[in-house]
Amino acid sequence: MSEMEVQPANQPAPGLTQWQRVTNTFAAPSKTFEDIKRGNQSWWMPLIILSLVSYLLFAAIFVKIGIQQTVENQMHFNPKAEAQLAQASPAQRDMGLKIGVYSTEGSFIASPVLVLAYAAVLALGLWGTVNFAFGGKATFKGIFAVLMYAWLPGIIKSLLGTAVIFGVAPESFNIKNFAPTNLGAFLDPIETNKALYALATSLDVTTIWTLVLLGIGTAIVAGIKRSSGYIAVFGWWAIYVLASAGIAAFQG
């Protein structure tokens, strides 16, 4: 056997490309997260994909619905806010609409920055949870990368929402629930109890998918049991859902 044929023992597997990590997130997520654990922690490809799909959704809303109509719909879906707006002076109503329009446009335009900021906060909380509560050995950067890839199923919801926009009446469009991927999409946002509506909206297919991916990825990167990863992820999600339902009940 020649020297060229000798294979070194324990040779590390070659790292995946960004596109391979993206496709494996849907087809074989453990491969993506194992690659992140090996130190390949770049996350710019998911950010680009998420941002492009977000801008596509924004373009559809802008063309088919209109930003002002979108803001007016949200006020209409909240009877308390609509009642307060009805009691305001014309100047106050105009100012309220302008603020709503500017904030909606701004949130879409700045979506890449907002995604990074939101991911940093979530990754910090999850990193602390798995390391201190479950004895994991994850790095913040590793959890951050896992989170960015775990969010990729959200593009399916955005693409579905983009398609749905062209088949709905502008006055019925709900930007807070723009795709039929959860139970809340089939309920009347005005007539339904606010807490129940918030809970139903939380039962979203793409959200559950993301949480499962995040549980798997967190467990792999932190070196803990998969069940512990699920407990950490779904535990924080349950707290968020209950808090959202409580706030909705208070506001409703």
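Bear in mind these aren't lab numbers, they're just calculated from the coordinates by the rules spelled out. Just so we're clear, the structure is a prediction, and the values are computed from it rather than from any experiment. Here the Cβ positions follow ideal geometry from the backbone for every residue, glycine too, while neighbour counts run over all protein chains shown.
Among Gly217, Val130, Val22, whose Cα projects farthest towards the positive end of the dipole of the chain, with charges put on the beta-carbon of Lys, Arg (+1) and Asp, Glu (-1)?
Val130
Can you order the peptides 223-234, 183-194 by their average number of other Cβ atoms within 10 Å per residue, highest first? Walk me through the numbers before you get to the answer.
Details: 223-234: 18.2, 183-194: 14.8.
Result, highest mean Cβ count within 10 Å first: 223-234, 183-194.
Please list the equivalent ellipsoid semi-axes of the range 149-252, computed as the square roots of five times the alpha-carbon gyration tensor eigenvalues, in descending order and whole angstrom. Mind dumping the intermediate values first?
Working: eigenvalues 162, 71, 12 Å².
Working from the Cα gyration tensor, I get semi-axes of 28, 19, 8 Å.
Report relative contact order for the chain in percent, whole number only (criteria: Cα-Cα under 8 Å, sequence separation at least 6). Intermediate values should be presented prior to the final figure.
Details: 288 pairs, mean separation 62.9, N = 252.
Once divided by the residue count of the chain, the mean separation gives 25 percent.
List Met45, Met148, Met95, Met75 from most exposed to least, where exposure is judged by having the fewest other Cβ atoms within 10 Å.
Met95, Met45, Met75, Met148
Any idea how far the Cα center of the range 14-47 sits from the one of the range 142-191, in Å?
Comparing the Cα centres of the range 14-47 and the range 142-191, I get a distance of 25 Å.
As an exercise, find the ratio Rg/Rh for the range 49-95 from alpha-carbon atoms, using the Kirkwood inverse-distance average for Rh.
Values: Rg = 14.1 Å, Rh = 12.3 Å.
Rounded to two decimals, Rg/Rh equals 1.15.
Based solely on its DSSP helices, what 222 nm [θ] is calculated for the chain when runs of n ≥ 4 H residues each add -39,500 (n - 2.57) and the sum is averaged over all residues, nearest 500 deg cm²/dmol? Working shown, then result.
Numbers: 12 runs with 170 residues, N = 252.
Value at 222 nm, helices only: -22000 deg cm²/dmol.
Could you give P(r) for the range 142-187, binned at 5 Å from zero, as whole percent values over all Cα-Cα pairs?
5, 18, 25, 19, 12, 10, 7, 3, 1
On the principal axes of its Cα set, how long, how wide and how thick is the range 79-169? Give whole Å, largest value first.
57, 31, 24
Label Ala238 and Thr23 with points 7 Å out from Cα along Cα→Cβ: what is the distance between them in nm?
So the two model labels end up 3.8 nm from each other.
What FRET efficiency do you get for Lys141 and Lys80 if R0 is 41 Å and r is their Cβ-Cβ distance, rounded to the nearest 0.05? Each step should come with its number before you reach the end.
Working: r = 43 Å, r/R0 = 1.04.
Rounded to the nearest 0.05, the efficiency is 0.45.
Grab the beta carbon distance between Ala133 and Leu203, set R0 = 25 Å, and tell me the FRET efficiency rounded to 0.05. It would help to have the intermediate numbers written out before the result.
Numbers: r = 26 Å, r/R0 = 1.03.
E(calc), rounded to 0.05, equals 0.45.
Could you pull the Rg and Dmax for the chain, using just the Cα atoms, both in Å?
According to the Cα coordinates of the chain, Rg and Dmax are 21.6, 90 Å.
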